[in-house]
Amino acid sequence: MIKCHTSPKISVEEARIHAHLCADGYLYVSKEREEGRWRKRYHIRYSNTQEILRKEFANDVLNAYNRKAVQCQKNEVEIKAKWIFQRLSNLGAGNSHKWFIGSGILKSPKVVKVAWFKAFFDDEARVELPNPPKDYHRRITIKSVNKGGLLQVQSLLKELSVKSVITGENSDKTYYLRISEEEDIYRYAQSIGFNHPKKNVDLNNLKSQPRRHFKPTGRGY
């Protein structure tokens, strides 16, 4: 069933779209000459090297807005529509420094918030596996220049009984949000998880084996 774009309710599909844009997407306005006149074009773009995540984004766009996302560059898809641009902007989608989670998402049911988390963490999170004997850290980490956005993420995680810590400002003007305690990693895995294939494997490894007895699969995504 196609959702009406005038509906004030946020669907799980629209929540994922918003999260992907906050993480690995961007919005911008251009001017194009058409029939002798300059017209504004409203662009919404999402970039990710994982095909499964680009397909999820495109399917969500179709289901939420009845629009088809098209490939515009390698690993990047795009839709153009002023009303979608404005709706997502009002919900808080924006650049790395300015994105936020709008009240429409904050006040949504748990299933919508979980969908937002999974999409955002699919793009932004690192699952840090121990590399003994030098490094025994085991945690889920997000790095961002947007402290305000991370504070919102932290607050919403608390609603799912997942505790996290924010550190920084770092030398490169960034902040870290980390989920480190074993019970919180387990709750994250049970409540949210990943669609990103490798992160999902690493998360299962992280939560299923005792501390200091992990089998790292490598850190690159």
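The values are calculated or read from the model by the stated rules, or taken from the named source; none is laboratory data. As the structure is a computational prediction, the values presented were derived from the model and not from experiment. Heads up, the Cβs are rebuilt from the backbone with ideal geometry, glycines too, and the neighbour counts pull from every protein chain shown.
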Residue in the range 120-142 that is closer than 30 Å to His43 by Cβ, part of a loop (DSSP other than H, G, I, E, B) and modelled with pLDDT of 95 or more present: no
Selected residue [within 20 Å of Asn95 (Cα to Cα), of a type in the set (Phe, Trp, Tyr) and either at pLDDT 95 or above or in contact with a Phe, Trp or Tyr (Cβ under 9 Å, 6 or more places away or on another chain) (or both)] from Tyr175, Tyr188: Tyr175
Residue pairs meeting the criteria (Cβ under 6 Å; at least 6 apart or on separate chains; first touching a residue at least 12 places away in the same chain (Cβ under 8 Å) and farther than 16 Å from Ser161 by Cβ, in the range 174-198; second surrounded by fewer than 18 Cβ atoms within 10 Å (Cβ to Cβ) and basic (Lys, Arg)): Thr174/Lys143; Tyr175/Lys147; Tyr176/Lys143
Pairs with Cβ under 7 Å, 6+ apart, first in the range 89-102 and assigned to a loop (DSSP other than H, G, I, E, B), second surrounded by fewer than 19 Cβ atoms within 10 Å (Cβ to Cβ) and among the β-branched types (Val, Ile, Thr): Ser96/Val145; His97/Val145
Subset tally (residues that are of a type in the set (Lys, Arg) and at pLDDT 95 or above) for the range 1-46: 2
Top-ranked residue in the range 65-88 [being of a type in the set (A, V, I, L, M, F, W, C) and within 17 Å of the chain's Cα centre (by Cα); ranked as surrounded by the most Cβ atoms within 10 Å (Cβ to Cβ)]: Leu88
Single residue of the range 37-46 satisfying the filter (in contact with a Lys or Arg (Cβ under 9 Å, 6 or more places away or on another chain) and either surrounded by fewer than 20 Cβ atoms within 10 Å (Cβ to Cβ) or without any contact (Cβ under 8 Å) to a residue 12 or more places away in the chain (or both)) that is farthest from Lys198 (Cα to Cα): Trp38
